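I have a structure I would like to understand better, so I am pasting it below and will then ask my questions one at a time.
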Amino acid sequence: MFGRSKLRGALIGATLMVLIAGSARAAPGDSATQPFVVAFKGGATTLDPIMRSETTTNSWQRQIFDTITVLSPAGVPEPRIATAWKSLSPTEWQLTLRQGVHFQNGALMTPEDVGASIMDTKNNPKSQYREYANDVSGYKVVGGHTLVVTFTRPNPVFPIYLSQIPVMPETLIAKEGRATFANHPIGTGPYRFVSWLADDHLVLKTWSGFWGTKPAFRHVRLESIPEAATRLAALLSGQVQVAEKIDPSDFARVRASGRAYLSIVPGLRTMYLGLDVWRPTGSAGMAPGEKNPFMDRRVRKAIAEAINVPLIRDKIFNGAAAVAAQFTPPGLEAYDPALKPIPYNQAVARKLLAAAGYAHGFTMRLDATNDRYLEDSLVAQAIGGMLGNVSITVKVNAIPKAIFFPQIDKGDFTMYFAGWSGTDPISTWNAIFHCRDAKAGFGHVNRAHYCSPKADALMAKASQTFDDAKRIALERQAYAIAAHDLAYIPLYYQAEVAGVANGVVWKERPDGLIFVWQMTRK
Amino acid sequence: MAAFLLRRLLRALVTLWAVLTLVFLLIHATGNPIAVLAPQQMTLAERARLAAALGLNQPLSEQYLRFLAGVLHGNLGISYYSGMPAMPLLLARVPVTLELVALSLAIAVAIGLPLGVAAAVWPASLADRMVRGLSVLGASVPTFFLGILLIFFFSVEFNLLPASGGGGLVHFIMPAVTLALFRIAFFTRLVRSALLETLSMPYVRTARAKGLAERMVVLKHALRPASLPLVTVFGLQFGQLFAGTVITETIFALPGMNRMALQALYRLDYPVILSYILVAAAMFIAINLMMDILYGLIDPRVRRAA
């Protein structure tokens, strides 16, 4: 009797030891107490998938929600909820929907849910995704799994726009209300919601009824760690498995750590200079009464020649930026691989300035943000210094974004430094490059007042062209005209950077979104 | 006492109103929330729609009246970013900050008080000189530097403590120590000088003369009056820390209310900023009120003067 209980004690002890050892060996993601953790700089502010168009918020939401299509890293729309699409007429797109898709409350997704999600994206007054559904006039369900979306005007890039439109359980939202839905989001994606704290963390678990491949990591925690040094420490100590936005100055540390590697890809955000090309005198960043030098294309060309972008890339970004040859980044359809960047050449810049009558330079203000883009105020300082080398005296005015954008929107600048990240060349053109026409909704971000009716006509034709190759050719022609005119000087594409633990496979996406369901074990 | 308290309370309410009004006007002068909230792609018409949906298209006076009415109902509006009521959003973050402040002050008193006593009892000794040296160090090391240093030693090199995040007590150790270091130094010096002063008082000499053990003289007769300034400073530090943990919360990624307020400030999320100001100001006022009461309890002269 005594011996048996002793034996049992030993057995229990051994079992416990095995359990403890087992739990210590468990890989991140296997249990709720040891989740797979991804560290972001910021956090999602809302889990309602149309209320906030911002990369981190989208990243967090899109573990739970599927978009109707998804963009490949090259920017090509690929099947997600829609498995195929076809344009029936210039104002009709037919979507074939995936069958057997369930929401995370078990309800079957219907074509009505998808159609209503598109309409909700367009009509909700707080929707930040309206632009992707603005031209939609309605939809009709044909058969069990086909949706025909109708348009007020032709939209050949709608399959790209569908990558921004989430599928929401519209019948449920109508019943329970938007606030309940935002507090406990339900989508069709690979992970279901467990708990969260806005702006801080989101706990997720794989959803058993997901229609696609099961993700490699079952228990996931997305975390906001605002401080770059802390994010790095969490990665190197094994507390998190993926940490985004590693500081360029820390690249060497990650590489030497033996615990993690870096994933760096050129992103979709183009950093550029905008120049006042509409006020012959009275430009806001010049002395009163002074002539605006940027009315002369030679001066604009000189600016492009005088800025040493490769040096900015190497010294400020430690190599993690790509020199831009054109406004369109690789990964958007109008990107033209044949174009080469304007080379850095001080002598040419001086010659151009002298030819334009500015041999002794001039004085101006450069406006920039100090809290919006990676190293924004530092780059602005560098640009100021480089222009100083060709006798242009630059007063750098780096200010918070909340002041900067209203200021440049009302034309209070001569030259500004900012970024743009678009989903397609047509909407980008219409916003930034199109001759300003508030009534028609054109050129609302065209702060330089650039205007080329010839290029506008090419883009107008492109926006009616459903043949991809023909449309892209038209887009490239229009962008080539704008590139020659240099009202906007593209400098570089910001890179998307993440540190990834050695056992995990993840490559950053150009759009900066982080999909945990695409990560795998090595 | 009741009249005294009532007067204090009334004055506190006026202060609160003045603070809220001032902040309301100041933040409306700092920029346009729509410019930060709306993606650049949004057209002017869409922006106008968004502004209308948030009530930002109304004249400032109307927004102010609506805001005041909201305050009276305990409703400070909907956060522009989360779409949820701002006050509950902020209140959910208060416990983290309170825990951090309480823990760091506890550490500071637990270490600073005995150190200060030791330094006063054995002045100019090696212990005293070391304490003084350490307190200079503690007072001059910036929070962010100390925080990062701790993270690199205890998280990366030794892998003992988590680098970030809220959760169990273990997550609060490094941030609390970071905040406590300066206060340890501060409390040590305070107790040392107060105790030194008391120890030179005639009544202490009398106590010694009647043959009391030195331990009794110091701990019972000298330390009690000498700790009065510590109580004062403790209250002040509590208030200061409650609204002053923003760097620590950011470095250690703690979901406290100060970090949330900073983010709201960057985003011009007015309802959250104003909720924060309301909570922080109310806390300050409450602490001051408690200090007043405490003085009255400890020192009868204060009560009589009131």
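Every number in this text was worked out from the coordinates using simple rules, so none of it is lab data. These figures come from a predicted structure and were not determined experimentally. Neighbour counts are summed over all protein chains in view; Cβ atoms, including those assigned to glycine, are modelled from backbone coordinates with ideal geometry.
Only counting other Cβ atoms within 10 Å, I'd like B:Met290, B:Met283, A:Met386 sorted with the fewest neighbours first.
Ordered from fewest to most neighbouring Cβ atoms within 10 Å, B:Met290, B:Met283, A:Met386 come out as B:Met290, B:Met283, A:Met386.
OK, next. State, in angstrom, two size descriptors of segment A:289-375 derived from its alpha carbons: Rg to one decimal place and Dmax to the nearest whole number.
For segment A:289-375, the Cα-based Rg and Dmax read 15.4, 43 Å.
Taking the Cα centre of chain A as origin, sum charge times position over the Cβ atoms of Lys and Arg (+1) and Asp and Glu (-1), and report the length of that vector in debye to the nearest 20.
1020 debye
Given A:Phe40, A:Gln94, A:Thr414, which one lies farthest toward the positive end of the charge dipole of the protein assembly as shown, if we put +1 on the Cβ of every Lys and Arg and -1 on the Cβ of every Asp and Glu?
A:Phe40
Scale the Cα Rg of segment B:78-154 by the rule-of-thumb value 2.2 N^0.38 Å and send over the ratio, two decimals.
So the Cα radius of gyration is 1.69 times the expected 2.2 N^0.38 Å.
Turning to a different aspect of this structure: How big is the Cα convex hull of segment A:268-495 in projection, averaged over all directions, in nm²?
Result: a mean projected hull area of 11.9 nm².
Cα-Cα over 25 Å: which of A:Lys351/A:Lys395; A:Lys205/A:Lys507; A:Lys245/A:Lys522; A:Lys122/A:Lys470?
The answer is A:Lys122/A:Lys470.
Shielding of B:261-273 by partners, i.e. mean partner chain Cβ atoms within 10 Å per residue?
Taking all residues of B:261-273 together, the mean is 2.
Then there is this: Using the alpha-carbon centroid of each, what span in Å lies between segment A:449-467 and segment B:145-173?
56 Å
Give, rounded to the nearest 20 debye, the magnitude of the charge dipole that segment A:69-173 has about its Cα centre when Lys and Arg contribute +1 at Cβ and Asp and Glu contribute -1 at Cβ.
Rounded to the nearest 20 debye, it is 100 debye.
Just tell me how shielded B:30-39 is by partners: mean number of partner chain Cβ atoms within 10 Å of each residue's Cβ, no decimals.
If you average over the peptide's residues, the count of other-chain Cβ atoms is 6.
Across chain B, what fraction of all alpha-carbon pairs, as a whole percent, falls in each successive 20 Å bin from zero upward?
26, 48, 23, 4, 0
Taking neighbour counts of Cβ atoms within 10 Å as a proxy for exposure, in what order, fewest first, do A:Met364, B:Met216, A:Met519 appear?
B:Met216, A:Met519, A:Met364
Roughly what would the spin-label model give for B:Gln240 and A:Lys470, points 7 Å off Cα along C-beta, in nm?
Output for this residue pair reads 7.4 nm.
How crowded by other chains is B:154-166, given as the mean number of beta carbons from other chains within 10 Å of each beta carbon?
Per residue, the average neighbour count from other chains is 6.
I've got another one for you. Please list log₁₀ I(q)/I(0) at q = 0.12, 0.24 Å⁻¹ for segment B:178-253, using the Debye equation with identical point scatterers on the alpha-carbon positions.
The Debye formula, applied to the Cα set alone, gives -0.46, -1.04.
Cα to Cα, under 18 Å, and not fewer than 8 places away if on the same chain: which lysines meet these conditions relative to A:Lys410?
The qualifying lysines are A:Lys401, A:Lys439.
OK, next. Suppose a student asked you for the relative contact order of chain B, using Cα pairs under 8 Å spaced at least 6 residues apart; what percent would you report?
Relative contact order comes out at 27 percent.
Return a whole-number percent for the relative contact order of segment B:94-255, with Cα pairs under 8 Å and 6 or more residues apart as the contact set.
The normalised contact order for segment B:94-255 reaches 36 percent.
Now a separate question. What is the P(r) of segment B:136-217, as percent of Cα-Cα pairs per 10 Å bin from 0?
Percent of Cα pairs in each bin: 16, 30, 20, 16, 14, 5.
Output the Cα-based Rg and Dmax of segment A:195-325 in Å, rounding Rg to one decimal and Dmax to a whole number.
22.9, 69
For the protein assembly as shown, what D do you get in µm² per second when you plug the Kirkwood radius from alpha-carbon pairs into Stokes-Einstein at 10 °C and 1.306 mPa s?
52 µm²/s
Arranged from highest to lowest average of other beta-carbon atoms within 10 Å per residue, in what order do the peptides B:8-15, A:465-472 appear?
A:465-472, B:8-15
Going highest first, how would you order A:323-336, A:47-60 by mean Cβ packing within 10 Å?
A:47-60, A:323-336
Out of all Cα-Cα pairs in segment A:239-392, roughly what percent, to the nearest whole number, are more than 25 Å apart?
The answer is 41 percent, as a whole percent.
A further question on this structure: Add -39500 (n - 2.57) for each DSSP H run of 4 or more in the protein assembly as shown, then divide by its residues: what number comes out at 222 nm, to the nearest 500 deg cm²/dmol?
That calculation yields -14000 deg cm²/dmol at 222 nm.
Another question about this same structure. When the expected Rg is taken as 2.2 N^0.38 Å, what fraction or multiple of it is the alpha-carbon Rg of segment A:106-188?
1.09
Right, another one. Would you mind calculating the relative contact order of chain A from Cα pairs under 8 angstrom and at least 6 residues apart, reporting the percent as a whole number?
18 percent
State the three equivalent ellipsoid semi-axes of segment B:1-90, derived from the C-alpha gyration tensor as the square roots of 5 times its eigenvalues, in descending order and whole Å.
Equivalent ellipsoid of segment B:1-90: 34, 13, 11 Å, largest first.
Tell me, what does the Kirkwood hydrodynamic radius of segment A:22-125 come to in angstroms if you use every pair of distinct C-alpha atoms?
Across segment A:22-125, the inverse of the average 1/r is 16.7 Å.
Something else: How big, on average over all directions, is the shadow cast by the Cα convex hull of segment A:63-168, in nm²?
If you wrap the Cα atoms of segment A:63-168 in a convex hull and average its projections, you get 6.7 nm².
Then there's this: How long is segment B:94-255 along each principal axis, judged by its Cα atoms, biggest number first, in Å?
Principal-axis extents of the Cα atoms in segment B:94-255, largest first: 57, 32, 24 Å.
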